[in-house]
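Participant: Take this structure first; my questions come after.
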Amino acid sequence: MNMANIQQHIHQSEIYEDDVSNAVIYGSGLDVYAVAATVIRLGLAPQRVVIVSPADDTHAEGSGPFMDPLVDLKVDKLLAALGTKLVKGYQLERLDYNEDNSLCQVVVAPVAGKGGNDGSNPDA
């Protein structure tokens, strides 16, 4: 899929927006933030982006995608202010597909021993 196709798909999904369609981005590295920024720049509403990370404390010294706890915290606050949902301390548990083989549900669960820290229902 090339960039034009991705942009067209994003545009069409925004036209037919519903309350359950989100872009779920999984991981804890800098690439997660790069993908989120790219899909937002391509036109996907920030409120429809969900970042799920197995790391539950990316603001500790020397950890986190930006390797600076202050930068990590500021980027997370900026994304949250835009409406992006950040779900930390969770891992992918299951991907469900419909009869057309399209992804229809992403199920996440707390990372063993961490319990997750966002306090909301993590089903994206």
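Participant: Once the whole set of protein chains is in place, how much accessible area is left on residue 111, using a 1.4 Å probe, in Å² to the nearest 10?
Facilitator: Roll a 1.4 Å probe over it and residue 111 shows about 30 Å².
Participant: Taking amide H positions as placed in the peptide plane 1.01 Å from N, state which residues far from residue 25 in sequence (5 or more) or on other chains have amide H under 5 Å from it.
Facilitator: 50, 51, 52
Participant: Multiply the residue gap between residue 104 and residue 35 by 0.36 nm, knock off their C-alpha separation, and tell me the result in nm, one decimal place. Show your work: numbers first, answer last.
Facilitator: Details: separation 69, 0.36 × 69 = 24.84 nm, distance 2.03 nm.
Full extension of this stretch gives 22.8 nm more.
Participant: Now, a different point. Scan around residue 105 for amide H atoms under 5 Å from its own, H built in the peptide plane at 1.01 Å from N, and keep only partners 5 or more places away or cross-chain.
Facilitator: Excluding prolines and chain starts, which carry no amide H, the hits are 96.
Participant: Leaving ligands and nucleic acids out of the surface, order 40, 51 by accessible area at 1.4 Å, largest first.
Facilitator: Solvent-accessible surface, decreasing: 40, 51.
Participant: Per the 1.4 Å probe, what fraction of the accessible area of the range 41-115, in percent, lies on carbon and sulfur atoms?
Facilitator: After summing per-atom areas, the C and S share lands at 55 percent.
Participant: Which value, in Å² rounded to 10, gives the accessible area of residue 38 with a 1.4 Å probe and all protein chains present?
Facilitator: Here the accessible area works out near 40 Å².
The values are calculated or read from the model by the stated rules, or taken from the named source; none is laboratory data. It should be emphasised that the depicted structure is a prediction, and the values quoted were computed from it without experimental measurement. Accessible surface is based on the protein model in full, side chains and every heavy atom, while ligands, DNA and RNA are left aside. Shrake-Rupley method; radii C 1.70, N 1.55, O 1.52, S 1.80 Å.
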